[in-house]
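I have placed the structure first, in the form of structure tokens, so that the comments after it can refer back to it.
The values are calculated or read from the model by the stated rules, or taken from the named source; none is laboratory data. The structure displayed is predicted, hence computed values, not measured ones. As a convention, Cβ positions derive from the backbone with ideal geometry for all residues, glycine included, and neighbour counts pool all protein chains shown. Calculation scope for accessible area: heavy atoms of the full protein, side chains included, ligands and nucleic acids excluded. Shrake-Rupley method; radii C 1.70, N 1.55, O 1.52, S 1.80 Å.
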Amino acid sequence: MNDSNSLTTVLDVIREVGGVAGVEPDQDFYEAGVTSVLALSLLLELEDKFAVAIPDERFIAARSPRALCTMIDDLKRGA
């Protein structure tokens, strides 16, 4: 999956699972309306979509769709 497709997928998951249709790539998705309860579902869905285990501390630190995409790409590369 290339970076553009990865970002689109991350945005789609946040919009669907988080219920925030207007979230932008560099926007803090918590400020956009994703609650801590929905964040767990978001984490699990991203792990499923990208076939990667996301450590909680890295998920918490990546607060925008673009940051999540970068973090997932790093994890897939073993970084």
Worksheet entry | Unmet criterion (only one of (1) out of contact with any helix residue (DSSP H, G or I) (no Cβ under 6 Å at 6 or more places or on another chain); (2) open to solvent by 50 Å² or more (accessible area, probe 1.4 Å); (3) in a helix (DSSP H, G or I)) for S41 | (1)
Item to complete: Would you check if D28 is in contact (Cβ under 8 Å) with a residue 24 or more places away in the chain, in contact with a Lys or Arg (Cβ under 6 Å, 6 or more places away or on another chain) and of a type in the set (D, E)?
Response: yes
Worksheet, complete the sentence: Out of (1) surrounded by 13 or more Cβ atoms within 10 Å (Cβ to Cβ); (2) in a helix (DSSP H, G or I), the one E57 does not meet is (1)
Worksheet, complete the sentence: When (1) touching an Asp or Glu at 6+ places or on another chain (Cβ under 7 Å); (2) loosely packed, with under 14 Cβ neighbours inside 10 Å are applied to G78, the one that fails is (1)
Item to complete: May I ask you to list the residues in region 19-37 that are under 15 Å from C69 (Cβ atoms) and open to solvent by less than 60 Å² (accessible area, probe 1.4 Å)?
Response: V23, P25, D28, F29
